[in-house]
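Worksheet for the structure shown next.
Values quoted throughout were computed directly from the atomic coordinates according to the rules given, and no laboratory measurement underlies them. Everything numeric in this text was worked out from a predicted model, so none of it was measured. All Cβ positions, even for glycine, are placed from backbone atoms using ideal geometry, and neighbour counts span all protein chains on display.
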Amino acid sequence: MVKNETTPKAILELDRMVHEPARLAILTVLASAEEVAFLFLQRVTGLSKGNLSSHTQKLEAAGYLETVKAFQGRIPVTSFRITEDGRTALRAYHHQLRALLPKEGKP
């Protein structure tokens, strides 16, 4: 009998800050760019302004992203950057998730 690598304990050990779908989407977008504007992030994730704001605040409180406030002319622009802790958490999450998947050729 082949031992199943997926255990309830392993699933429960996933980083819940990253595992939430909206936050995972945000971190994934941020990981592929140096800095991302709020409106662009809203457009690509499909989140409402309120939801995006709520999730970015949680990610910032966790130390996974930083908020950048600037002006384009006289217009205020909010952007985000993923932190090194955020990159580390995202990589760890991907590694944990891959470990939960069945190995090639095994059920």
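Fewest to most neighbouring Cβ within 10 Å: what's the order for 88, 56?
Numbers: 88 12, 56 23.
Least crowded to most crowded, the residues run 88, 56.
If you consider only alpha-carbon coordinates, what radius of gyration and Dmax does the chain have, in Å?
16.7, 67
Can you check what the net charge comes to around residue 93, using other residues whose Cβ is under 12 Å from the Cβ of residue 93 (Lys, Arg +1; Asp, Glu -1)? List each step's numbers first, then the result.
Values: positive: 16, 23, 87, 91, 98; negative: 13, 15, 20.
So the surrounding residues net to +2.
What is the sum of charges, Lys and Arg at +1 and Asp and Glu at -1, for the other residues whose Cβ falls under 13 Å from the Cβ of residue 47?
Once positives and negatives cancel, what remains is +3.
Using only alpha carbon positions, build the gyration tensor of the range 59-107, then give the equivalent ellipsoid semi-axes as the square roots of 5 times its eigenvalues, largest first, whole angstrom.
With the √(5λ) rule applied to the range 59-107, the semi-axes are 37, 11, 6 Å.
Using the beta-carbon distance between residue 10 and residue 88 and R0 = 25 Å, what value does 1/(1 + (r/R0)^6) give for FRET efficiency, to the nearest 0.05?
It comes to 0.85.
So what's the back-of-envelope 222 nm ellipticity for the chain, counting only DSSP H runs of four-plus at -39500 (n - 2.57) apiece and dividing by all residues, rounded to 500?
-15500 deg cm²/dmol
Based on the alpha-carbon gyration tensor of the range 31-73 and its eigenvalue square roots a ≥ b ≥ c, which shape applies: rounded if a/c is under 1.5, prolate if not and a/b is larger than b/c, or oblate?
Rounded, because the longest to shortest axis ratio a/c is under 1.5.
Under 8 Å for C-alpha pairs, at least 6 residues apart: give me the relative contact order for the chain, rounded to a whole percent.
Taking the mean separation of contacting Cα pairs over the length of the chain, I get 35 percent.
Any chance you could count the Lys pairs in the chain whose alpha carbons are under 22 Å apart, treating pairs 8 or more apart or on different chains as valid?
7
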